[in-house]
Structure formats: C-alpha cells, structure tokens
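**Q** Right, I'll just put the structure down here and ask away after.
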Amino acid sequence: MSPASRNGVLSGEFFMLGDIACAEGAICAGCRFFAGYPITPATEVAQRMSERLPLVGGIYIQMEDEMASMNAVLGASWAGVKAMTATSGPGFSLMMENLGLGVMMETPCVLVNVQRGGPSTGLPTLVGQGDMMQARWGSHGDYAIIALSPSSPQELFDLTIHAFNLSETYRAPVLVMTDAEVGHMTEKVVIPPVEEIEVIGRRKPTVPPEEYLPYRVEPGELVPPMAVAGEGYRIHTTGLTHDERGYPATADDTAQWPLVQRLVDKIEKNKDKIIMLEEDGLDDAEVAVVSYGIAARTAIWPVQMARQEGIRVGMLRLVTVWPFPDEEIRDLAGRVEGIVVPEINLGQIVREVERCAAGRTEVLSVPHPGGGIHDPQAVLRAIRRAAGRKAEA
Amino acid sequence: MATKLLPKELAKRPDRLSPGHRLCAGCGASIIVRQMLAAIDEPVVLSNATGCLEVATTIYPYTAWRVPWIHNAFENAASTISGVEAAYRSMVRQGKIPEQDVKFIAFGGDGGTYDIGLQALSGAVERGHQFLYVCYDNGAYMNTGIQRSSATPLGAHTTTSPAGKVIPGKQQFRKDLTAIMAAHGIPYVAQAAPSQWRDLMKKTRKAVNCGGPAFMNVLSSCNRGWRHGTDETVEITQLAVDTCYWPLYEVEEGVWRLTYKPREKLPVEEWLKRQGRFRHLFRPENRHLIDRLQEEVDRRWERLLRLCGEA
C-alpha cells in the first residue's frame, strides 16, 4: 500500500483486485462508514474497509447479519456520514426490507452486490448476474432505483465513486451490481489525483431550522435537501407513508400519492442525467449486442469476429441498468434487424429490451445460468442468426 | 443398554461422519462431530448451518454423512431442524411412519450460531422442539476466510479485525453464548471441548436424552485461523480449558455444575502464546490487552464458580 494522501486517496497505478478497487473507490468518494457481513465473493470489500477505514478516521463495523448491516448503513447516513455495505446474493435478499426503508426515508447510501450464481446458496465462488430483476423489484411496494454495472476493476472503482455521487444527488440508495468475475479479477486500476475526482456531497437545507420540513420539495424540484444530524434541524423520518414533516400519514391515500409518485419521479424524470451507456460501432449496425457487466466484456470478441465475417454489428453496453434506457433501446430497435442480449441469467434484462423493442426487431436472448462466463461462440452464433445468416456449428 | 464410552467399544462401530471429507488436517470440527455422534446409539437426523463443516463434507457429488442430513441456508439450521422434528412427530401421529427414538441434531459454527443464527436458535428452543443444537465454536468465520465473529476472543487478529497501527485486533470480548442459552431455561445446556472427549460424550448423551431442547457449545480449534500446527489441535484446546478461557460445565434443569476443574489454573498467556492470531499482543505496547483478557477470564471464572456453588 503506497502512502495515502490525507483524505485517504491512494493516487497511482495499481494491479488491483476488483473488490479492493471498490473499497478504494468508496474511500475516494468520502465513504467513512462500512457495515457488513462476510460473504463470498464480496468479503474482500469488507476486509479492505476494515484495514483502511481506521487509517482515514472512518469506522468499520462487522454486523451480526445482513439485515443489521443495511440498517447500520441507513443509521450512519442519517448521522451525516457517507456509508456503504457490500454483499452477494443471499445477503442481498436479507437486505431487501431495509433497502426499501432506505428508499422510503430517502437515505443516500451505496449497496454493492458482487453477484454469484443463485438461487439460494447457489454457487458461492462463481459468477452470476441473476439478481438484476431483484435489484429493480426486490423490496416490496412501488419505487425506482439506480443500479450500475461495471465491466472491469477500473470501472468498479469509478462507478463506486459515481454511485455515491448519485445517491447524494437523488437522496436514494444506489446499487453497484457487479459480479464475482469483476470482483475477483486483478487488473490495472488507476486512482487519479484527488483534484481530478468529482465528489458530490449532500444538499443541505438553506432555510432556518424553524422553517425546515425534511420532506418538502420546492416547486419544480423532486429531491428534498437533507439536514445532517447535529446542525440544529429537527428531523422525523419513518418507513410509514409520511407527509412533508416526515410524520406518518396513513389514514388514506392523500400522502401516499405525492410521496410514492415523487420517489419514482425523482429517478425516472432524471433519466437523462443518470443513464450512462457505452456505444461501439452502432452507426451502421444491422445487429446490436446489448449487454452489461462481465457479459458485455465477453461479447467484445464475438462482435469483432462477426465484423470480420462482414456482419455489421455494434454494441450497446448498459453502464446504468436501472433506470432502464427505454428510449435508447426503442430507437435502436427501429434501426437494426436484430438485438442480441447475452447475460449471465436465464433472461432478465432481455425482457426489458423486448418491451422497448415492442416487436419492431428480433430480440435474441443468450442466456447462461451462472457458474461461468459465456462461451463467445454462443454469442457469435446469436449474432449470425440475428443477421439472418445460416446457423453454423 | 447404552454402549459403554470406552475406546475399545466405540472403535467397533462405524463412524457416522466417514473419512474422506475435505475438512483441513487438524480441524476441530470433525473430531467433535465424530466423537459426539459416536456417543449416540439411537438413529440421528442432522441439520447443518452453512460453514466449513457443511461445505467440506458435501462437495458434490459426494457426501461424508452416513446419516440423514439437511443443509438449508446460513442463519436457519435451528429453524430447519424445528421443521424436520415437527414433521417427524406429525408423521408418527398420522401413522405414516413407526415411532422410533430419533435424535434430531443441528450443527452450526459460531458465525451461524452466535451471530446470524441466534434469532432462529432462540426461537427454536423457546418453542420447545426436541433437539440438540451444537455450536462448534472456532471463534471466527473461517469458511469465508477468517473474519471476526462475536465469538472471537479480545485481541485476536482476523481479516476484518486486523491487528495494525490504529487498532490491535478485535476490540470486544467473546459473547457468552452458553450463558445466554442457559437463560432460556431449557433442560440442558453444556460447554465442552474435544480435548476432554469422555466429558464431551457424556454431555452429548445427557443432551439428547433430556426430553426437550438442548444446547452444547464446543470449542473447536481452526489451525488456519488460530495459526498453529495441525498436530497441536487437542493440546491447544486443552490449554483453553486449563486457562479457564473455556471452562467445562453443564446446566441441567437450571442447576449449574462444573464438570472439570483444572488442577492448576494457568495464565491465559499460556494459551495465547501458542497461536499466531495473538502474536501482536506480546509487543510491549499491546501487553495491556493480555491483562484485560486475563481479568475478564478471571471475572467469568469466578462467576461460574459461584453459579456452580464452588466459590
């Protein structure tokens, strides 16, 4: 470990494990609290945080389970500290109730899911992307969520910082949906100088304490400013449906309508700002590969091979998976003859692609149940099929 | 007539946990499981929390178990065995299977028992299921790579309580889980160690025959986490007993009884210095942690003596 600057940023070039890059990204973003519970393949994030946080004035707590971990993160965030936890499938399931609580109380925090093969205990040491729909819908009730999907340790570092920025901007839990391949991959990671790292903090109230209402938004805005504990503002927050004061308002649907609608709108109506996509070779494409995370990375080679065969194929990589880029996919579906969707599950995001394509183009799923990455040939065969070429062995 | 607890007699029966499992050389868990199951003459049905014992005995397509065995998830071995035990009684009641004296046993490590599984364990014993829960306590999450648990001793280095410049290892004392279980008022609770094998087996017999829920906390060395030689397991376990870090006792129908009293109570240092996880404590700046640990061991030992009417 090279000497860190005072704010804990280890600027430099490293040969670094994905999980460790994630922890370093969090520290760069100003995360000073981590509550977690050991689980393969996310444990290294916790281990790194337990080593690093004490050196930068932060706190690492190992909790008794994942329910407690997620709750401690919410508590820390409300106390004014940027907070994170990291887990994998079974722990992600246990965190779902409190993720919903975080959404309802509008609590900025970051939850990293280093996905492994499921369901249940599944494949603890092997890759999966089977939690993508759980990320969207896993907690009960209606809400919107932001989920990012990195394809490399460098991107896991970058997106962890970005996740904190988004969570502070939108006062919402943000999910970093990585996987066992990226988390356990050791690769070059560049940690930039401190001044090049954009770090966004919490928007605080500007009104005097006696006028502050924790859930009041100004006309035209969707995200209420958030007071930090100890600055003189009175706060009431609850998982019950609440009014602008944060007081429970559960007699009828008067508070439910504006609250739940706003929880969804603050994400959905800011899609333009939130969604990040990476395009490659789509300008003249007859076929598009739409993928994310490690599956997008294994699709690079088949895309190159197909191009050599004369198939005009391009790639759209979803860096942001939730909110879903409906318009971009709709637009793409009008331009290409087929869309190929490789993902390490039996077809989750492909459903979203189908919904947006709405029958205007053929959508081919390239499923994988988890436990390994795709055979590039399987993706190549799907590209050929989408391009109307004869299937070859 | 129950089989006599004599090596000559016990050696005649086949192990219920067969050789060929993939637990590490010198692992305390396999010694404990074999010894405990050998003490039981009746048929047994096991549930197993997630952990080394579960993973290393059931690597697909093999199993090391010669008895019915179920693994569910991490936190719920006690809930699972509750369901199994209740279903068995229901099937007997319905006349679907003949009644036998089946012993239901759950095994979990300290992670799956002290921490994430405590709620399930507390609920299962409160409901009064007839089963024995065994915690093989190796004092950390060894299966995921040695992270601290609430059973980890003060000062121990783990990968999430690393001994460093700012913090010299784990900051808290071990949770006294055995006492917590005794507070449930169940018929039988005991603390045991494989270095006193006959004591361990006798307690196992009492536990499965107590007519209600029973709990045993058994110290299980993990040489990977404790950092000692694979041939030192039993010796180092016995040092935990002789330093009174891990006293052997039982609580039978609310009556506390010491089952082993060291001839000479050794300083806790004698146990610590044999293990790499405590190495940093012997630096001058950390010696005070050894003193704190000794004070706490003494305090708990004195309390135990009082509870057992020995003070």
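The values are calculated or read from the model by the stated rules, or taken from the named source; none is laboratory data. Worth saying up front: this structure is predicted, and the values here are computed from it rather than measured. Note: ideal-geometry Cβ built from the backbone for every residue, glycine included; neighbour counts use all protein chains shown. Just so you know, the surface numbers come from the protein's heavy atoms only, side chains and all, with ligands and any DNA or RNA stripped out. Shrake-Rupley method; radii C 1.70, N 1.55, O 1.52, S 1.80 Å.
**Q** When residues of region A:331-355 are filtered for being surrounded by fewer than 21 Cβ atoms within 10 Å (Cβ to Cβ) and either more than 19 Å from residue A:272 (Cβ to Cβ) or under 22 Å from the mean Cα position of the chain (by Cα) (or both), how many remain?
**A** The initial filter retains those residues of region A:331-355 that are surrounded by fewer than 21 Cβ atoms within 10 Å (Cβ to Cβ), namely A:331, A:334-335, A:337, A:346-347, A:351, A:354-355.
Next cut, either more than 19 Å from residue A:272 (Cβ to Cβ) or under 22 Å from the mean Cα position of the chain (by Cα) (or both) only: A:334-335, A:337, A:346-347, A:351, A:354-355.
Number satisfying all stated conditions: 8.
**Q** Hey, another quick one. For region B:10-27, how many residues are open to solvent by 50 Å² or more (accessible area, probe 1.4 Å), hydrophobic (A, V, I, L, M, F, W, C) and at pLDDT 95 or above?
**A** Selection size over region B:10-27: 2.
**Q** Could you list, in sequence order, all residues of region B:153-175 that are in contact (Cβ under 8 Å) with a residue 40 or more places away in the chain and either open to solvent by 40 Å² or more (accessible area, probe 1.4 Å) or of a type in the set (Val, Ile, Thr) (or both)?
**A** Across region B:153-175, the qualifying residues are B:157, B:158, B:173, B:175.
**Q** Quick check: anything in region B:28-39 at positive phi, surrounded by 15 or more Cβ atoms within 10 Å (Cβ to Cβ) and away from chain A (no Cβ under 14 Å)? I'd like the intermediate steps shown before the answer.
**A** Filtering region B:28-39 down to residues at positive phi leaves none.
No: zero hits.
**Q** In region A:333-351, is there at least one residue being out of contact with any Ser or Thr (no Cβ under 7 Å at 6 or more places or on another chain) and over 26 Å from residue A:118 (Cα atoms)? It would help to see each step written out before you state the result.
**A** Residues of region A:333-351 that are out of contact with any Ser or Thr (no Cβ under 7 Å at 6 or more places or on another chain), as a first pass: A:334-335, A:340, A:344-346, A:348-349, A:351.
Those still in the list that are over 26 Å from residue A:118 (Cα atoms) too: A:334-335.
Yes - at least one qualifying residue is present in region A:333-351.
**Q** Looking only at region A:61-99, filter to residues that are part of a strand (DSSP E or B) and surrounded by 23 or more Cβ atoms within 10 Å (Cβ to Cβ); which one of those is farthest from the chain's Cα centre (by Cα)? Can you show your working first?
**A** Taking region A:61-99 and keeping what is part of a strand (DSSP E or B), we get A:61-62, A:83-87.
Next, only the ones that are surrounded by 23 or more Cβ atoms within 10 Å (Cβ to Cβ) stay: A:62, A:83-87.
Values: A:62: 22, A:83: 15, A:84: 12, A:85: 13, A:86: 12, A:87: 13 Å.
Ranking the qualifying residues of region A:61-99, first place goes to A:62.
**Q** Considering only residues that are more than 8 Å from every other protein chain (Cβ to nearest Cβ), without any contact (Cβ under 8 Å) to a residue 60 or more places away in the chain and closer than 29 Å to residue A:118 by Cα, which ones fall in region A:41-62?
**A** As a first pass, look at region A:41-62 and keep what is more than 8 Å from every other protein chain (Cβ to nearest Cβ): A:41-42, A:44-45, A:48-49, A:52-53, A:56-59, A:61.
Then drop every residue that is not without any contact (Cβ under 8 Å) to a residue 60 or more places away in the chain, which leaves A:48-49, A:52-53, A:56-59, A:61.
Answer for region A:41-62, where residues must be more than 8 Å from every other protein chain (Cβ to nearest Cβ), without any contact (Cβ under 8 Å) to a residue 60 or more places away in the chain and closer than 29 Å to residue A:118 by Cα: A:48, A:49, A:61.
**Q** Return the pair list, or none, for Cβ contacts closer than 7 Å from residues in region B:8-33 that are among the hydroxyl-bearing types (Ser, Thr, Tyr) to residues that are open to solvent by less than 70 Å² (accessible area, probe 1.4 Å), at least 6 apart or on different chains.
**A** Pairs that qualify, where the first residue is among the hydroxyl-bearing types (Ser, Thr, Tyr) and the partner is open to solvent by less than 70 Å² (accessible area, probe 1.4 Å), are B:18/B:64; B:30/B:17; B:30/B:21; B:30/B:23.
**Q** Based on what the data block shows, is residue B:136 in contact with a helix residue (DSSP H, G or I) (Cβ under 7 Å, 6 or more places away or on another chain), buried (at least 24 other Cβ atoms within 10 Å of the Cβ) and within 14 Å of chain A (Cβ to nearest Cβ)?
**A** Working: in contact with a helix residue (DSSP H, G or I) (Cβ under 7 Å, 6 or more places away or on another chain): yes; buried (at least 24 other Cβ atoms within 10 Å of the Cβ): yes; within 14 Å of chain A (Cβ to nearest Cβ): no.
It is false that residue B:136 is in contact with a helix residue (DSSP H, G or I) (Cβ under 7 Å, 6 or more places away or on another chain), buried (at least 24 other Cβ atoms within 10 Å of the Cβ) and within 14 Å of chain A (Cβ to nearest Cβ).
**Q** Can you say whether residue B:84 is surrounded by 14 or more Cβ atoms within 10 Å (Cβ to Cβ), away from chain A (no Cβ under 14 Å), among the hydrophobic types (A, V, I, L, M, F, W, C) and touching a strand residue (DSSP E or B) at 6+ places or on another chain (Cβ under 7 Å), as far as the supplied structure shows? Walk me through how you get there before you give the answer.
**A** Working: surrounded by 14 or more Cβ atoms within 10 Å (Cβ to Cβ): yes; away from chain A (no Cβ under 14 Å): yes; among the hydrophobic types (A, V, I, L, M, F, W, C): yes; touching a strand residue (DSSP E or B) at 6+ places or on another chain (Cβ under 7 Å): yes.
Here the answer is yes, as residue B:84 does meet what is asked.
**Q** Continuing with this model, one more query. When you scan region B:24-133 for strands (runs of 3 or more DSSP E) that lie fully inside it, which ones turn up with 2 or more residues that are closer than 24 Å to residue B:187 by Cβ? Give the steps one after another, and end with the answer.
**A** Values: elements: B:44-48, B:69-71, B:103-109.
Qualifying strands (runs of 3 or more DSSP E): B:44-48, B:103-109.
**Q** Also, quick follow-up: Report whether or not residue A:38 is over 18 Å from residue A:199 (Cα atoms), in contact (Cβ under 8 Å) with a residue 12 or more places away in the chain and open to solvent by less than 40 Å² (accessible area, probe 1.4 Å).
**A** The answer is yes for residue A:38.
**Q** Another one. Within region A:136-154, is even one residue at pLDDT 95 or above, among the hydroxyl-bearing types (Ser, Thr, Tyr) and assigned to a helix (DSSP H, G or I)? Talk me through it step by step, then tell me what you get.
**A** Kept after step one, since they are at pLDDT 95 or above, are these residues of region A:136-154: A:136-154.
Next, only the ones that are among the hydroxyl-bearing types (Ser, Thr, Tyr) stay: A:139, A:143, A:149, A:151-152.
Within this subset, residues satisfying the condition of being assigned to a helix (DSSP H, G or I) are none.
No; the residues of region A:136-154 include none that is at pLDDT 95 or above, among the hydroxyl-bearing types (Ser, Thr, Tyr) and assigned to a helix (DSSP H, G or I).
**Q** Can you tell me which residue among A:297, A:317, A:312 is farther than 27 Å from residue A:165 by Cβ and in contact (Cβ under 8 Å) with a residue 24 or more places away in the chain? Step through it out loud before you land on a result.
**A** Details: A:297 fails: farther than 27 Å from residue A:165 by Cβ; A:317 fails: farther than 27 Å from residue A:165 by Cβ.
After applying the criteria, what remains is A:312.
**Q** Could you figure out which of (1) under 15 Å from the mean Cα position of the chain (by Cα); (2) more than 14 Å from chain A (Cβ to nearest Cβ); (3) more than 24 Å from residue B:16 (Cα to Cα); (4) not basic (Lys, Arg) isn't true of residue B:128?
**A** Unmet for residue B:128, out of (1) under 15 Å from the mean Cα position of the chain (by Cα); (2) more than 14 Å from chain A (Cβ to nearest Cβ); (3) more than 24 Å from residue B:16 (Cα to Cα); (4) not basic (Lys, Arg): (1).
**Q** Which of the residues that make up region A:242-278 are among the polar types (S, T, N, Q) and in contact (Cβ under 8 Å) with a residue 24 or more places away in the chain? Steps first, please.
**A** Step one: filter region A:242-278 for residues among the polar types (S, T, N, Q), giving A:250, A:254, A:256, A:261, A:270.
If the condition is that a residue be among the polar types (S, T, N, Q) and in contact (Cβ under 8 Å) with a residue 24 or more places away in the chain, then A:270 is the only one that fits.
**Q** Continuing with this model, one more query. Residue B:147 versus (1) surrounded by fewer than 24 Cβ atoms within 10 Å (Cβ to Cβ); (2) within 9 Å of another protein chain (Cβ to nearest Cβ); (3) among the polar types (S, T, N, Q): which is the lone unmet condition?
**A** The one condition residue B:147 does not meet is (1).
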